Amino acid sequence: MKRLTFVTGCLLALAFAKAGSYHEFELYNVRPETAEQLSVLLKWRNGQEIEVDFWDAPKVGRSARLMVTREDHKRVEEFLEQHDIEYDLVAEDVQELLNREQRRNVEHGRRVRRDSNSRATVNFEHFWTLDEIYEYLDELAVAYNGLVRVSEIGRTHEDRPIKAITISTRGAVDQTRPIVFMDGGIHAREWAGVMSVMYMIHEFVEHSDQYAEQLSNTDYVIVPVANPDGYVYTHEQNRLWRKNRSPGNVLCYGVDLNRNFPFQWDRTTSECTNNFAGHAASSENETKALIGLMDQYKAAIRMYLAVHTYGEMILWPWGYDFLHAPNEDDLQRLGERARDALVAAGGPEYEVGNSADILYTASGATDDYAYSLGVPYSYTLELTGGGSQGFDLPAAELARVTSQTFELLKVFGQHAGTLSVTS
């Protein structure tokens with residue numbers, strides 16, 4: 001039997017670099033219907049023969065998008081047919097799909113500006129650039145100086161600041177109240193996750209009176225864009241870039257920051273793969289910055305939330321192996337409460353469970369690291385999004401999705417406020 005294997009990043013990145021576009025790439029929907037078929041798909045994550053890029057996390061009974069180079073599509077189809085995995089070719093030219101997505105979002109932005117009676121620049125009808133995000137954070141720090149602090153916690157390889165924002169009705173976070181620690185955008189292309197974090201910041205700061213009870217007993221420490229270089233690169237150069245932008249070797253750039261944390265770190269792939277864990281644990285500036293911030297507040301962090309897209313899942317530790325966290329029942333119950341709040345707001349029904357069981361094993365991830373520090377509630381949130389019309393949500397759906405996701409995020413914060421910070 002011909003063995004088809006999965007490594008994202010090297011040949012795909014080189015093919016993109018050579019062509020300067022994704023015109024020579026195709027997009028499939030694949031739908032595993034059994035656990036065996038899902039296992040086959042997940043095993044593509046190891047090997048050296050052919051590369052595919054999953055845009056969504058594959059799960060039993062649900063479609064996931066899969067990008068391949070045009071020259072490999074026949075081998076991919078043969079392999080899928082061999083394992084009786086249902087598939088559809090949804091785009092023969094990925095670059096044209098991305099171009100249409102961009103045109104649609106630009107036109108939506110024009111309509112919003114044309115129809116608006118306000119000159120407000122802050123809206124959730126478009127995906128914000130890094131400059132827009134940082135400008136907004138700095139504006140909040142000035143306008144709400146009794147509630148907000150903004151700080152630079154590190155610099156990236158390309159010398160961009162990594163910014164954190166704290167929200168506390170006491171002004172400064174003094175670690176006498178439970179802290180919710182959050183980060184978004186650790187994977188550069190996951191724009192909708194960043195926007196969901198920004199929407200939560202907007203609500204808690206500019207409409208803090210509506211959440212007075214929650215903010216009276218809970219503080220927030222948030223890194224909205226944990227991978228600034230990669231985020232800018234997706235806006236300016238390569239929409240589908242995932243890693244940071246530190247050089248790996250003479251051919252390839254980037255480390256998957258969500259594989260670079262020191263708890264159970266393992267170098268499992270090469271520099272040119274999309275999930276390269278780095279040459280050593282904590283090798284990256286972004287990783288060090290997040291670790292330093294967690295260390296600063298770890299005495300009071302009671303909730304950790306890593307915001308990702310896509311997959312519609314609420315995942316709890318451990319993820320590095322098929323082991324369940326000791327307080328798995330509590331983690332599961334709270335995850336289900338958050339899911340139910342999202343459904344009540346009109347959102348989709350997320351799957352809740354252990355990371356390795358539902359998704360796949362992954363070493364060196366942020367949620368496992370936070371849990372290893374003693375944070376009792378640690379989750380990775382794979383939000384809703386994507387579709388056949390582009391990589392990301394259409395901008396026209398962004399306001400709805402971010403507001404629905406906020407209902408989910410509130411549940412975690414409300415529970416954090418019930419927890420003690422004393423040992």
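The values are calculated or read from the model by the stated rules, or taken from the named source; none is laboratory data. Quantities reported herein were computed from a predicted structural model and do not represent experimental measurements. Neighbour counts run over all protein chains shown; Cβ positions are idealised from the backbone, glycine included. Each accessible area value is taken on the protein alone, full model and side chains, heavy atoms only, with ligands, DNA and RNA left out. Shrake-Rupley method; radii C 1.70, N 1.55, O 1.52, S 1.80 Å.
Scanning region 159-173 finds no residues that are more than 20 Å from the chain's Cα centre (by Cα), closer than 20 Å to Leu305 by Cα and open to solvent by 50 Å² or more (accessible area, probe 1.4 Å).
Test Gly230 against the stated conditions and say whether it is under 27 Å from Gln332 (Cβ atoms) and either within 14 Å of the chain's Cα centre (by Cα) or open to solvent by less than 20 Å² (accessible area, probe 1.4 Å) (or both). The answer is no for Gly230. Checked against the criteria, Arg239 does not count as touching a strand residue (DSSP E or B) at 6+ places or on another chain (Cβ under 7 Å) and either part of a loop (DSSP other than H, G, I, E, B) or open to solvent by 10 Å² or more (accessible area, probe 1.4 Å) (or both). Here Leu342 does not fit the description of being under 26 Å from Thr176 (Cβ atoms) and touching a residue at least 24 places away in the same chain (Cβ under 8 Å).
Close contacts from region 245-271, counting a first residue that is on the phi < 0 side of the Ramachandran plot and open to solvent by 70 Å² or more (accessible area, probe 1.4 Å) and a second that is in a loop (DSSP other than H, G, I, E, B) and among the acidic types (Asp, Glu), with Cβ to Cβ under 8 Å and a gap of 6+ residues or different chains, come to Leu251/Glu271. Under the condition of being open to solvent by less than 30 Å² (accessible area, probe 1.4 Å) and in a loop (DSSP other than H, G, I, E, B), the residues counted in region 174-190 number 8.
Please determine, by comparing only the residues of region 110-151 that are among the aromatic types (Phe, Trp, Tyr) and either part of a strand (DSSP E or B) or under 14 Å from Glu206 (Cβ atoms) (or both), which one is modelled with the lowest pLDDT. Taking the candidates together, the pick is Phe124. For region 57-94, a tally of residues being part of a helix (DSSP H, G or I) and either within 24 Å of Ala362 (Cβ to Cβ) or open to solvent by less than 30 Å² (accessible area, probe 1.4 Å) (or both) returns 5. Looking at (1) under 20 Å from the mean Cα position of the chain (by Cα); (2) within 17 Å of Leu137 (Cα to Cα); (3) open to solvent by 10 Å² or more (accessible area, probe 1.4 Å), find the lone condition where Met198 falls short. So the condition that Met198 fails would be (3). Inside region 28-51, residues that are touching a helix residue (DSSP H, G or I) at 6+ places or on another chain (Cβ under 6 Å) and either at pLDDT 80 or above or farther than 25 Å from Gln95 by Cβ (or both) make up a count of 1.
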